[in-house]
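Visitor: Take this structure, written in structure tokens, and hold onto it; I'll ask about it next.
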Amino acid sequence: SGVPAIVSDKGGPKFIITDRVSGFVAHETADYSKYSLELYRDREKLAKMKLDSRENALSKSWDSIFESVYDGYAEAIELEREKKASLKK
């Protein structure tokens with residue numbers, strides 16, 4: 001898309017961007033305005049991050065994004081199985 005994203009540190013979007021390269025991960029509410037102002041004030045950084053975010057977006061596919069989601073689910077299921085097995089002992 002060519003726009004650096006500012007995303008929450010909760011949920012999936014933080015895995016789609018590269019922090020401080022194709023966007024920013026906000027850890028608290030104030031970070032959204034802080035990073036917006038940073039990009040507004042530093043036009044060179046904005047231009048570079050626009051290019052990087054476009055390149056990042058073109059390198060991703062929904063299949064690759066969901067692959068990492070499915071891997072996370074598989075890991076969670078395995079951890080739960082291990083937990084249940086240890087409780088049975």
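The values are calculated or read from the model by the stated rules, or taken from the named source; none is laboratory data. Nothing here was measured: the structure is a model prediction, and the numbers come from that model. Positions of Cβ are generated from backbone atoms using ideal geometry, with glycine treated the same way; all protein chains shown enter the neighbour counts. Heavy atoms of the whole protein, side chains included, go into the accessibility calculation; ligands, DNA and RNA do not. Shrake-Rupley method; radii C 1.70, N 1.55, O 1.52, S 1.80 Å.
Visitor: Return one number: the angle in degrees, 0 to 90 and rounded to the nearest 10, between the long axis of the Cα atoms of helix 43-59 and the longest principal axis of the Cα atoms of the chain.
Guide: Helix 43-59 and the main axis of the chain meet at about 40 degrees.
Visitor: Where does the chain land at 222 nm, in deg cm²/dmol rounded to the nearest 500, when only DSSP H runs of n ≥ 4 count, each adding -39500 (n - 2.57), divided by all residues? Walk me through the intermediate numbers first.
Guide: Numbers: 3 runs with 57 residues, N = 89.
Helix contribution divided over all residues of the chain: -22000 deg cm²/dmol.
Visitor: Please compute the net charge surrounding Leu39, taking Lys and Arg as +1 and Asp and Glu as -1 over other residues with Cβ under 12 Å from its Cβ.
Guide: Working: positive: Arg20, Lys34, Arg41, Arg43, Lys45, Lys48, Lys50; negative: Glu38, Asp42, Glu44.
Result for the local shell: +4.
Visitor: Next question, about the same structure. Distance between the C-alpha centers of the range 1-22 and the range 26-89? Whole Å please.
Guide: After rounding, the separation between the Cα centres reads 6 Å.
Visitor: Can you send over the solvent-accessible area of Tyr32, 1.4 Å probe, protein chains only, in Å² to the nearest 10?
Guide: 90 Å²
Visitor: Another question, if that's okay. Normalised by the number of residues in the chain, what is the relative contact order in percent for Cα pairs under 8 Å and 6+ residues apart?
Guide: Details: 71 pairs, mean separation 27.6, N = 89.
Rounded, it is 31 percent for the chain.
Visitor: For helix 62-88, report the angle its Cα long axis makes with the longest principal axis of the Cα atoms of the chain; keep it between 0 and 90° and round to the nearest 10°.
Guide: Rounded to the nearest ten degrees, it is 30.
Visitor: I would also like to ask the following. What is the Cα convex hull volume of the chain when expressed per residue in Å³?
Guide: On the way: hull volume 8.1 nm³, N = 89.
It comes to 91 Å³ per residue, whole-number rounded.
Visitor: What is the helix-to-structure angle for 29-41, meaning the angle in degrees between its Cα long axis and the longest Cα principal axis of the chain, kept from 0 to 90 and rounded to the nearest 10?
Guide: That helix lies at roughly 30 degrees to the long axis.
Visitor: Summing Lys, Arg as +1 and Asp, Glu as -1, what charge do residues with Cβ under 12 Å from the Cβ of Met49 carry, Met49 excluded?
Guide: Details: positive: Arg20, Arg43, Lys45, Lys48, Lys50, Arg54; negative: Asp19, Glu38, Asp42, Glu44, Asp52, Glu55.
Net local charge, Met49 excluded: 0.
Visitor: OK, next. Which percent of the accessible heavy-atom area of the chain goes to carbon and sulfur, probe 1.4 angstrom? Provide the component values of the computation, followed by the final result.
Guide: Values: 3970 of 6880 Å².
In the chain, the share of accessible area belonging to carbon and sulfur is 58 percent.
Visitor: So, one more: How much accessible area per residue does the chain have, counting only protein heavy atoms and a probe of 1.4 Å, in square angstrom? Let's see the in-between values first.
Guide: Details: 6880 Å² over 89 residues.
Value returned for the chain: 77 Å² of accessible area per residue.
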